[in-house]
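See structure below.
The values are calculated or read from the model by the stated rules, or taken from the named source; none is laboratory data. Keep in mind that what you see is a predicted model, and the values were worked out from it rather than measured. Every residue, glycine among them, receives a Cβ derived from its backbone with ideal geometry; neighbour counts consider all protein chains shown. The area values use the complete protein model at the heavy-atom level, side chains included, leaving out ligands, DNA and RNA. Shrake-Rupley method; radii C 1.70, N 1.55, O 1.52, S 1.80 Å.
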Amino acid sequence: MAQTWSLSVLGWVPGLITMIVAGILFWITSMTMWRFIMVRTQAWQQLVGRKYPQIRDICDFGYYVFGKSKIAYEFTGFMLLANNIMLIGFHILTGAKILNTLSDHSQCTIVFNVGFITRHGTSQFPANSDVAE
């Protein structure tokens with residue numbers, strides 16, 4: 001629903017250009033992270049080794065990229081959390097809008113929102129209670 005809305009606002013040509021540019025930027029970012037974390041100079045350490053085995057997530061990546069800065073680590077963690085919260089909120093809004101369009105009743109929107117909040121909220125719990133070491 002987000003792509004169709006953005007295409008309706010921007011139009012076909014600017015919308016497609018925006019999507020292609022965003023895709024290229026995402027690809028460059030992922031390749032930069034992959035090279036930083038995984039690639040070694042000696043034939044990728046026989047296809048298995050990692051250059052920085054201590055990097056487990058995006059927060060660790062931010063920590064090492066910005067010179068082992070604790071502020072960068074915390075900021076990266078905050079931005080990751082904000083991104084996830086906004087993504088969940090967008091999914092809840094989109095799902096409720098779709099189902100409200102199908103039902104055409106305002107009271108159903110509240111019920112659908114509660115359903116989507118419950119579904120997305122419970123799916124964000126970790127699979128186990130182990131804390132990363």
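Per-structure values
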{"quantity": "Some residue of segment 47-59 being assigned to a helix (DSSP H, G or I) and at pLDDT 75 or above", "calculated": "yes"}
{"quantity": "Every pair of residues 6+ apart whose Cβ atoms lie under 7 Å, when the first sits in segment 16-34 and is farther than 20 Å from residue 60 by Cβ while the second is open to solvent by 60 Å² or more (accessible area, probe 1.4 Å)", "calculated": "18/10"}
{"quantity": "Test: residue in segment 72-80 that is open to solvent by 40 Å² or more (accessible area, probe 1.4 Å), β-branched (Val, Ile, Thr), modelled with pLDDT of 80 or more and under 19 Å from the mean Cα position of the chain (by Cα)", "calculated": "no"}
